[in-house]
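The values are calculated or read from the model by the stated rules, or taken from the named source; none is laboratory data. What you are looking at is a predicted structure, and each value in this text was computed from that prediction instead of being measured. Here the Cβ positions follow ideal geometry from the backbone for every residue, glycine too, while neighbour counts run over all protein chains shown.
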């Protein structure tokens, strides 16, 4: 099988709304990059930045680009998630749409993206494999009531629902906060009563 055919089949196998990195495709780096460029020119994928493509839904107007927050989370990698107002909105605790998406990154922040502000957090989040929703809750706890439209008590309700559904792992979050220097976030986490939700 030629490299070009291998690249095309790799793209076809990927579902819609998925990022594709040429580095993950076997074959000559130059040949893979050339074929990905051809597929982008043909409208099969969209190049979002160097080394990263997007396979989105096809429409009459072309292929819609991913949201800046989606690109940011893909680039930031494991242990990253929304921060600040973006975190509150993602958890349903605010209806405000941030003018600039905020993303917390485990470790060093990547190269800038238009419409996104990266903030650096502990690399331990990546080592622990935190999911974006878990990072979002930690970031809301760091930010405090200022990013939440609803009463602060609603944060506890949202956290309990996430814990009961298995979307977040309270024990893992507690371990992360034990290593965090943010005393206020640790105190707010203790007030959530997630240990009771898990035992229930």
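List of remarks:
- Among the numbered conditions (1) under 28 Å from residue 108 (Cα atoms); (2) outside any helix (DSSP H, G or I); (3) modelled with pLDDT of 95 or more, the only one that residue 57 does not meet is (1).
- Those residues of segment 1-47 which are assigned to a loop (DSSP other than H, G, I, E, B) and within 23 Å of the chain's Cα centre (by Cα), in sequence order: 14, 15, 16, 17, 21, 25, 45
- Test for residue 136: is it in contact (Cβ under 8 Å) with a residue 24 or more places away in the chain, more than 29 Å from residue 47 (Cα to Cα) and surrounded by 13 or more Cβ atoms within 10 Å (Cβ to Cβ): no
- Any chance residue 139 is in a helix (DSSP H, G or I) and in contact with a strand residue (DSSP E or B) (Cβ under 7 Å, 6 or more places away or on another chain): yes
- Of all residues making up segment 60-72, the number that are in a helix (DSSP H, G or I) and surrounded by fewer than 22 Cβ atoms within 10 Å (Cβ to Cβ): 3
Residue by residue, here is whether (1) assigned by TED's automatic domain parsing to the domain that holds residue 20; (2) part of a loop (DSSP other than H, G, I, E, B); (3) within 12 Å of the chain's Cα centre (by Cα) holds:
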| residue | (1), (2), (3) |
| --- | --- |
| 75 | no, no, yes |
| 85 | no, no, no |
| 88 | no, no, no |
| 95 | no, yes, no |
| 98 | no, yes, no |
| 103 | no, no, yes |
| 109 | no, yes, no |
| 112 | no, yes, no |
| 118 | no, no, yes |
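- Scan of segment 155-169 for residues that are over 15 Å from residue 138 (Cβ atoms), surrounded by fewer than 19 Cβ atoms within 10 Å (Cβ to Cβ) and in contact with a helix residue (DSSP H, G or I) (Cβ under 8 Å, 6 or more places away or on another chain), ordered by number: 164
- Checking 145, 170 one by one, the residue that is modelled with pLDDT of 95 or more, over 21 Å from the mean Cα position of the chain (by Cα) and closer than 22 Å to residue 86 by Cα is 145 and no other.
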